[in-house]
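To start, the structure itself, in structure tokens.
The values are calculated or read from the model by the stated rules, or taken from the named source; none is laboratory data. These numbers come from a predicted model, not from an experiment. Glycine also receives a Cβ, built like all others from the backbone with ideal geometry; neighbour counts cover every protein chain displayed. These area figures cover heavy atoms from the full protein model, side chains too; ligands, DNA and RNA do not enter into them. Shrake-Rupley method; radii C 1.70, N 1.55, O 1.52, S 1.80 Å.
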Amino acid sequence: MPGRTLDYLSVSPRTKHTATVIFVHGLGDTGFGWRPLAEVMSKDPELNRVKWVLPHAPRRYVTINSVYMPSWYNITSMNPITEDETDILQSAKAIDDLITAEIESGTPADRIILGGLSQGAAMTLLTGFTTKHRLGGLIVLSGRLPLRNKFKSLPISDHIKELPIFWGHGTEDPIVEYKLGLLSMDYIKSELGIRTASDSNSGVPTGLSFHSYKDLGHTNDDRYDGR
């Protein structure tokens, strides 16, 4: 996907546009899978100024499923997890280009939230940690850190230690197991120096806030509400 611009759909704010959420879907899905949620949330008086950008992953061959499907990167094995580094870095660049386009259209970087589920959560972590833009925060749902053995060699941004990160993970997730989420969280804290969320001088929590959801599987369940 070198140099490819991502296709996406957007859900417009109902009032004056003041913020943007870029939400990245999981393996086999498209941006259309998240449009109903975006449309519902745009009706909330506290969120009706938000524009939603929902990108579509390109179709590629996914080895573990033996089929072409929407995917941010190929996965060749689950035991051990083996993923295509080139695919991941190209997808991160394409998602970062979406962020840049939003900024150039007039939305400040700190008014942009990047989020994702599953494979989209993995891309959110990598893109959010390597982009030069100081984003408003990250939303990670049922995710894990990609390229863990090589992550520290990537161009990690200096501002990640001040980045608000909401991480939600179901304890019964059969796809991205809960323990993988915990291992990724521990790595981010111990190796990248990201702290547990705390209130900053501005009143906005910074750092990582990890939320466990008892009996929840691998799904965009409405229990992911920040509590």
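What is the spin-label model distance, in nm, from ASP7 to LYS161 if the labels are put 7 Å beyond Cα along the C-beta direction?
Label at ASP7, label at LYS161, 4.3 nm between them.
Most mobile of VAL176, VAL24, VAL140 per a Gaussian network model of the chain (Cα springs, under 10 Å)?
Looking only at VAL176, VAL24, VAL140, the biggest GNM fluctuation is shown by VAL176.
At 1.4 Å probe size, with no ligands or nucleic acids counted, give the accessible surface of ARG14 in Å², nearest ten.
140 Å²
Which percent of the accessible area of the chain is formed by carbon and sulfur heavy atoms (probe 1.4 angstrom)?
Looking at the chain in its full context, I get 50 percent from C and S.
Output wanted: per-residue J couplings in Hz (rounded whole) for the range 176-189, from phi through Karplus 6.51 cos²θ - 1.76 cosθ + 1.60, θ = phi - 60°, x for Gly and Pro.
Taking θ as phi minus 60°, the curve returns 9, 4, 3, 5, 5, x, 5, 4, 5, 4, 4, 5, 4, 6 Hz for the range 176-189.
In percent, what relative contact order does the range 98-189 have, based on Cα pairs under 8 Å that are 6 or more apart in sequence?
That works out to 26 percent.
Quick one: 3J(HN,Hα) in Hz for the range 107-114, Karplus 6.51/-1.76/1.60 with θ = phi - 60°, rounded, Gly and Pro as x.
So the Karplus estimates, Gly and Pro as x, are 8, x, 4, 6, 10, 10, 10, 10 Hz.
For the range 77-227, what does the accessible surface come to per residue with a 1.4 Å probe? Please give it in Å².
47 Å²
About the Cα centre, and with charges only on the beta carbon of Lys, Arg (+1) and Asp, Glu (-1), how big is the dipole of the chain? Nearest 20 debye, please.
The calculation lands at about 300 debye.
With each run of n ≥ 4 DSSP H residues scored as -39500 (n - 2.57), what mean residue ellipticity at 222 nm is computed for the chain after dividing by its residue count and rounding to the nearest 500 deg cm²/dmol?
Per the formula, -7500 deg cm²/dmol.
Dipole magnitude of the range 21-136 about its Cα centre, charges +1 at Lys/Arg Cβ and -1 at Asp/Glu Cβ only, in debye to the nearest 20?
200 debye
Run the numbers on the chain and let me know its relative contact order in percent, using alpha-carbon pairs under 8 Å that are six or more apart.
This gives 16 percent for the chain.
Contact order normalised by length for the range 1-74, with contacts defined as Cα pairs under 8 Å and 6 or more residues apart; what percent is it?
Relative contact order for the range 1-74 comes out at 38 percent.
Would you work out which of THR196, GLY28, MET78 lies farthest towards the positive end of the dipole of the chain? Charges go on Cβ: Lys and Arg +1, Asp and Glu -1.
THR196
Restricting the count to DSSP beta bridges whose residues both fall in the chain, what percent are antiparallel, rounded to a multiple of 5?
That works out to approximately 35 percent antiparallel.
Inverting the mean 1/r over all pairs of different Cα atoms, compute the Kirkwood radius of the chain and quote it in Å.
For the chain, the Kirkwood estimate is 17.6 Å.
Using a 1.4 angstrom probe with every protein chain in place, what is the largest-first accessible-area order of VAL67, VAL21?
VAL67, VAL21
I'd like the FRET efficiency for LYS43 and ALA101, computed as 1/(1 + (r/R0)^6) with the beta carbon distance as r and R0 of 25 Å, rounded to 0.05.
The computed FRET efficiency comes out at 0.45.
About its Cα centre, how strong a charge dipole does the range 156-198 have in debye, to the nearest 20, once Lys and Arg get +1 and Asp and Glu get -1 at the Cβ?
140 debye
How far apart, in nm, are two points set 7 Å out from the Cα along the Cα-to-Cβ line at SER153 and at ARG60?
1.8 nm
Grab the Cα-Cα distance for ASP215 and LEU182, subtract it from 0.36 nm times how many residues apart they are, and report the gain in nm with one decimal.
Computed gain between ASP215 and LEU182 is 10.3 nm.
If the cut-off is a Cα-Cα distance under 21 Å, which lysines reach LYS43, setting aside same-chain residues fewer than 8 apart in sequence?
LYS16, LYS51
Calculate, in nm to one decimal, what HIS17 and LYS93 gain on full extension: separation in residues at 0.36 nm each, minus their alpha carbon distance.
Contour length minus the Cα-Cα distance gives 24.8 nm.
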